[in-house]
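The values are calculated or read from the model by the stated rules, or taken from the named source; none is laboratory data. Small disclaimer: the values here were computed from a predicted structure and weren't measured. For neighbour counting, all protein chains shown are included, and Cβ atoms are generated from backbone atoms with ideal geometry for every residue, glycine included.
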């Protein structure tokens with residue numbers, strides 16, 4: 001998996017947007033190891049002298065109770081959770097927050113877009 005060198009045409013992943021985001025992703029890599037997941041690939045910063053790089057990272061030996069399985073990392077980190085049969089795979093896939101936030105509420109991490117950013121809806125009823 002080519003990583004990081006922006007001058008290499010084989011590179012398919014570049015730096016993260018900020019040093020804070022790199023630190024955030026690295027904290028999840030450390031957390032995954034502390035939780036008992038095994039690093040199968042990556043986990044480092046790559047070989048670039050400058051920039052906010054994190055190598056594509058793959059964890060194995062995970063289970064769906066680990067934070068790296070349950071929380072969005074927003075970086076090049078993925079985990080492989082083993083399962084024994086189709087029913088267990090479905091249970092694992094469904095064992096997550098199923099509410100899909102929309103418009104910047106709760107855990108979406110996004111704000112409102114367009115006119116919605118400036119509008120609060122309310123109901124008006126005419127009596128009589």
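The set of residues in region 1-27 being surrounded by 11 or more Cβ atoms within 10 Å (Cβ to Cβ) and not in a loop (DSSP other than H, G, I, E, B) consists of 19, 21, 22, 23, 24, 25, 26, 27. Out of all the residues in region 28-46, is one or more assigned to a loop (DSSP other than H, G, I, E, B), under 16 Å from the mean Cα position of the chain (by Cα) and without any contact (Cβ under 8 Å) to a residue 24 or more places away in the chain? Yes - at least one qualifying residue is present in region 28-46. Restricting the first member to region 80-109 and to residues that are closer than 15 Å to residue 66 by Cβ, and the second to residues that are assigned to a helix (DSSP H, G or I) and at pLDDT below 90, no beta-carbon pair is closer than 6 Å while six or more apart or on different chains. For region 59-67, the count of residues that are in contact with a strand residue (DSSP E or B) (Cβ under 6 Å, 6 or more places away or on another chain), closer than 30 Å to residue 8 by Cβ, modelled with pLDDT of 95 or more and not in a helix (DSSP H, G or I) is at least one. Determine whether residue 93 is surrounded by fewer than 12 Cβ atoms within 10 Å (Cβ to Cβ), out of contact with any helix residue (DSSP H, G or I) (no Cβ under 8 Å at 6 or more places or on another chain), under 24 Å from residue 25 (Cβ atoms) and modelled with pLDDT of 75 or more. Judged against the criteria, residue 93 is a match.
Scanning region 73-87 for residues that are outside any loop (DSSP other than H, G, I, E, B) and surrounded by 13 or more Cβ atoms within 10 Å (Cβ to Cβ) gives 77, 78, 79.
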